[in-house]
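Colleague: After the C-alpha cells below, expect a handful of questions from me.
We did not get these values from a lab; they are worked out from the coordinates using the rules stated. Since this is a predicted model, take the numbers as computed values, not measurements. All Cβ positions, even for glycine, are placed from backbone atoms using ideal geometry, and neighbour counts span all protein chains on display.
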Amino acid sequence: MKKNILKMMAEANSEEKGPEPPVPSPLSRSRRGSSVVSNVGKALNTLSESSSVVLDPGKIDASPYRDRFESDGEAAEEIESLAASIRAEGQKMPVLVRPHPKAEGRYQLAYGHRRLAAIRLLAAESRTPAEVTIRAYVRPLDDRELLVEQSLENGVRENLTWIEQALWAAQLREAGFSSVAIEPVLGLSKTPISLMLKVANAVPNDIIFAIGRAKGVGRPKWMALAETCLKGGEEAASRIRTILDNQAFQSADAAQRIDLAVKAARGGEDRPAEKSVRELVSNGRSLGRIATGASGTTISIARQESGFAEWLSERLDALAEEYFSSTTGANRDD
C-alpha cells in the first residue's frame, strides 16, 4: 500500500487528463509550473490512512542532507503556528521517513521538517510527552532517493533564500546529480547554478550557517565573500571564525554579517583606521581641526569661528585653482 510518491503523482495526472506518457522524474522538470510539483499534495492526499504508521517523534533524526538553518526566526514563528494548528485539528499530513541506515529502531526524515518540529514542540509542552506521536510514511530509501524526496518538499517551498538554494545545489552535486538534473529542481539555468556552486564550495559551511539564511540577500554579497575566501584560503576562513562570536557580529543583520566577514577575511579591515588629527591654529587661537584617515581628509571649523568658516568657503575654489596651477607648472618643468 506504500506506493511510490512519484507514481502517485503520475496517477493523479492521468485521472484529470486521461492516459499520458509516464511522468518524468522531478529532477527533469521545472520547479515552477511543473505538473510533478503541482501534484505533490494531491499524490500525498490519495495515500490511504492505513499506509501511514504512528511513530515516536523522538526516534526520528534529521536528514543527513542539510537544507535548513537552525537560526531561522521566521521558521520558528511558523513552527509555533503549525503546532497550534496541530493541537487544535490534529496532524493532517504524515511525514516521510526511512529506516535509519546505521541505528536500528530509528528513522531519518525525508520531508516534513516543520511538522516534526511542531510535534516535538507539542511534546515538550505536554505533561505526558510519551503520548505525543507523529504519523509517518516509512519507505526504504537510498541516499539518492532520499534527496529526490527531499527535493520535492523544497520544490514547493517558495521562500528558499539564495544561499539555501546554493547549499542544496551543492549537496545534489555531491550526491552525483548532474547540472542538467539540478536545473529543474531549483528552476534555474546553468549559469546561476554554477555561481551558487562556486559560493557553496568557497565559503565553509560553518561560516555560512553562522551568517544565516540571509533573507533578502542575493548573489553579489555572497560572491564577494566567496572571492575573498578563495583569495585568502584557509587563513581567510580562520580570520572570519575569530569574529563569529563577537557581539557586533551576532547583533548584525545578515547583510552586515557578510560585510564583517569579508573585512575580517582581508585581515581585520573592519577595525577603524587610525586617524591623524592636528589643530588648525592662528596666533595661538584654535580655529578647528584637520583629520586625515583612510577615507580622506576632513577640515572642521569650530562653531564660534563661523566668520572664518564663511571666509574659507568663499575662497576654496580659488585656492584649489591655485594649487592645481602650481602643480601643473611644476610637472611641466620636469
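Colleague: Would you mind putting 101-114, 118-131, 308-321 in packing order, based on average other-beta-carbon counts within 10 Å, highest first?
Modeller: So the order, starting with the most tightly packed, is 101-114, 118-131, 308-321.
Colleague: Between V54 and N205, what FRET efficiency follows from the Cβ-Cβ distance if R0 is 41 Å, with the result rounded to 0.05?
Modeller: The computed FRET efficiency comes out at 0.75.
Colleague: Also: Below 13 angstrom from the Cβ of S194, what's the summed charge of the other residues (Lys, Arg +1; Asp, Glu -1)?
Modeller: Here the charged neighbours net out to +3.
Colleague: With every atom except the alpha carbons ignored, what do you get for Rg and Dmax of the range 160-271, in angstroms?
Modeller: So, for the range 160-271, Rg and Dmax equal 14.1, 45 Å respectively.
Colleague: Mind giving me the nanometre distance, one decimal, between the label points for T292 and Q304, set 7 Å out from Cα along Cα→Cβ?
Modeller: Going from the T292 label point to the Q304 one covers 2.9 nm.
Colleague: Tell me the net charge near R120. Cut-off is 11 Å between Cβ atoms, R120 excluded, with +1 for each Lys or Arg and -1 for each Asp or Glu.
Modeller: Around R120, the surrounding residues sum to 0.
Colleague: Mind giving me the nanometre distance, one decimal, between the label points for A255 and A62, set 7 Å out from Cα along Cα→Cβ?
Modeller: 2.8
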